[in-house]
Amino acid sequence: MRKLPRAFYDRDTIAVARDLLGKYLVHISRGVERVGRIVEVEAYLGPHDLAAHSARGLTERTQVMFGPPGHAYVYMIYGMYFCMNVVTEREGHASAILLRAIEPVTNIDERTQGPGLLCRAMRIDKRLNGYDLTGNNFYIAAPAKSEPVTIVKRPRVGVDYAGHWARRHLRFYIKGNPFVSKR
């Protein structure tokens, strides 16, 4: 595996979202390396995207989204689940990609379909908010040999409040992968 460089994230958010499919999310914690293959993501395109957290402006919660690309934006939803986004594009742009599902590869025995279950299985929590994904213990890597994938585009999940943004096809997943969420 080859860790992705910062330049990978400093590009158009939709292109990065599509390119994340098939890559490996790696988290080494307490001597255990957990690895999952990314199979489903959603793109959030900045403050003008009414479904993005950054649409509410720069806040203590969203400051990581407004920061440099290649960092983890981790937050809690419903008071019980953590979700992880990958910050993309230039600093100040506030775009990110939600990781929705992974296929377990190494040391993952739990369900991983859905952003909250993914984070629970990978032991991702608020302590990783702002973490530089070009670091050593938490990163995304390209497989040694890439496999071609067929990408499906659909509307994002759970953003009905966002008007026309709710209908945009900004959810991407690997066709036929059994670990994609069922929505």
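The values are calculated or read from the model by the stated rules, or taken from the named source; none is laboratory data. Every value quoted in this text rests on a predicted model; they were computed, and no experiment measured them. Because the Cβ atoms are built from the backbone with ideal geometry, glycine has one as well, and the counts that use them run over all protein chains shown. The protein model used for the area step is the full one, side chains on, heavy atoms only, and it has no ligands, DNA or RNA in it. Shrake-Rupley method; radii C 1.70, N 1.55, O 1.52, S 1.80 Å.
For K182, the lysines whose Cα falls under 17 Å of its own Cα, not counting residues fewer than eight places away in the same chain, are K153. Here the label points at A141 and E60, each 7 Å from Cα along the C-beta direction, are separated by 3.6 nm in the simple model. Surface composition of region 1-136: carbon plus sulfur atoms contribute 49% of the solvent-accessible area (1.4 Å probe, protein chains only, all chains present).
Remark: relative contact order (region 115-183) = 22 percent; criterion is Cα-Cα distance under 8 angstrom and separation of 6 or more residues. The ellipsoid equivalent to the alpha-carbon distribution of the chain has semi-axes of 22, 19, 16 angstrom, derived from the gyration tensor eigenvalues as √(5λ) and listed largest first. When exposed loop sites are taken as GluC sites (Glu not before Pro) in a DSSP loop with at most 16 other Cβ atoms within 10 Å, the longest stretch of the chain clear of them is 111-183. Identify all lysines with a Cα-Cα distance to K3 below 23 Å; exclude those on the same chain that are fewer than 8 residues away in sequence. Cα-Cα hits under 23 Å: K23, K126, K145. For an R0 of 41 angstrom, estimate the FRET efficiency from the Cβ-Cβ distance between D132 and L50 and round to the nearest 0.05. It comes out at approximately 0.90. Measuring nothing but how far apart in sequence close Cα pairs (under 8 Å, 6+ apart) lie, relative to its length, region 1-120 scores a relative contact order of 27 percent. Note on region 92-183: Rg/Rh from C-alpha atoms, Kirkwood Rh, equals 0.97.
Using a Gaussian network model of the chain in which every pair of alpha carbons under 10 angstrom is joined by a spring, one finds that among A142, A121, A162 the greatest mean-square fluctuation is at A162. For region 1-69, the relative contact order is 23 percent, taking Cα pairs closer than 8 Å that sit 6 or more residues apart in sequence and dividing their mean separation by the residue count.
Helices in the chain, meaning DSSP H runs of at least 4 residues, each add -39500 (n - 2.57). Divided by all residues, the mean residue ellipticity at 222 nm is -2500 deg cm²/dmol.
You can think of it this way: the chain between D12 and R90 has 27.1 nm of extra reach, that is 0.36 nm per residue less the Cα-Cα gap.
Placing a label point 7 Å from the Cα of H164 along the Cα-to-Cβ direction, the residues of region 46-65 with a backbone N closer than 13 Å are 49-50. Largest GNM mean-square fluctuation among K145, K23, K153, using the chain with Cα springs under 10 Å: K145. Between G57, G67, G31, which gets the highest mean-square fluctuation from a Gaussian network model of the chain, Cα cutoff 10 Å? In this elastic network of the chain, the residue with the biggest mean-square fluctuation among G57, G67, G31 is G31.
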